[in-house]
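Structure, as structure tokens:
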Amino acid sequence: MVTQVEAAGATCATGGQRISQGLDTNRNGVLDAAEITSTSYVCNGLQGSVGPQGPMGPTGMGGVTGLAEVRHGCVAPDPGDATKAVIRSGAGYAAARNGASGPFTIAFNPAVAPGSYTLLLDSRTNKGRAMAIAATGDPFAGIVLTPGWVDPEQETLDRICFMLAR
């Protein structure tokens, strides 16, 4: 016996299964077309009507209702002067750099509102590899982002991206 999917068509309007029966007379483990002695079909039924609306489920657990404030952006060494910073994306902040291998300082303007903040960072080299970065300071006075060490013969700092959320 062999079962196969029967596509929707003249035999089964909504599709179904074709069941072929017979003896495997050549004993090859396959029911060859010449060995099929009967074929039956089990057809899918028609789509039923939509049932009634179920009862309302219980109220779920409380959770975070949303973020009150988000600041984000990417900074990089200025291609014309690596001792300076250039803003590659984002708005509402200023960026400065202290020397060619020094840290970047991010100052928010307008100033961020009082509250507890989370800072997410992503720093990449010119080859796309992740790079260690340290953050000090606070969102109110300014955040200092210090990139980790790279072998200048192999890679350079490409960008530091941040997201500050409250």
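Only one of these is in contact with a helix residue (DSSP H, G or I) (Cβ under 8 Å, 6 or more places away or on another chain), among the hydrophobic types (A, V, I, L, M, F, W, C) and more than 30 Å from Arg159 (Cβ to Cβ): Leu31, Leu23. Name it.
From the options Leu31, Leu23, the qualifying one is Leu23.
Scan segment 13-23 for residues that are loosely packed, with under 13 Cβ neighbours inside 10 Å and farther than 18 Å from Gly45 by Cβ and jot them down.
Leu23
Looking only at strands (runs of 3 or more DSSP E) that fall completely inside segment 19-99, which ones have 2 or more residues that are over 30 Å from Leu121 (Cα atoms) and of a type in the set (A, V, I, L, M, F, W, C)?
36-43
The rows are residues; the columns are (1) in contact with a strand residue (DSSP E or B) (Cβ under 7 Å, 6 or more places away or on another chain); (2) surrounded by 10 or more Cβ atoms within 10 Å (Cβ to Cβ); (3) not assigned by the TED database to the domain that holds Asp158.
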residue	(1), (2), (3)
Thr11	yes, yes, yes
Val50	no, no, yes
Gly57	no, no, yes
Met61	no, no, yes
Asp78	yes, yes, no
Phe104	yes, yes, no
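Of the residues Gly137, Gly128, which is surrounded by 14 or more Cβ atoms within 10 Å (Cβ to Cβ) and at positive phi?
So the residue among Gly137, Gly128 that is surrounded by 14 or more Cβ atoms within 10 Å (Cβ to Cβ) and at positive phi is Gly137.
Among the candidates Val112, Val150, which residue alone is farther than 23 Å from Val70 by Cβ and touching a Leu at 6+ places or on another chain (Cβ under 8 Å)?
Val150
Condition check: closer than 30 Å to Trp149 by Cβ and either in the same structural domain as Gly142 (by the TED database) or in contact with an Asp or Glu (Cβ under 9 Å, 6 or more places away or on another chain) (or both). Does Ala91 satisfy that?
no
Which of the residues spanning segment 44-91 are among the aliphatic types (A, V, I, L, M) and within 22 Å of the chain's Cα centre (by Cα)?
Correct list: Val64, Leu67, Val70.
Going by the conditions given, is Leu157 of a type outside the set (Asp, Glu), under 25 Å from Ala68 (Cβ atoms) and touching a strand residue (DSSP E or B) at 6+ places or on another chain (Cβ under 9 Å)?
no
In segment 100-113, what residues are outside any strand (DSSP E or B) and either under 31 Å from the mean Cα position of the chain (by Cα) or polar (S, T, N, Q) (or both)?
Answer for segment 100-113, where residues must be outside any strand (DSSP E or B) and either under 31 Å from the mean Cα position of the chain (by Cα) or polar (S, T, N, Q) (or both): Ser101, Pro103, Asn109, Pro110, Ala111, Val112, Ala113.
Provide a single number: the residues in segment 116-166 that are in a loop (DSSP other than H, G, I, E, B) and more than 16 Å from Ala100 (Cα to Cα).
Qualifying residue count, segment 116-166: 12.
The values are calculated or read from the model by the stated rules, or taken from the named source; none is laboratory data. Because the structure is predicted, anything quoted here is derived from the model rather than measured. Because the Cβ atoms are built from the backbone with ideal geometry, glycine has one as well, and the counts that use them run over all protein chains shown.
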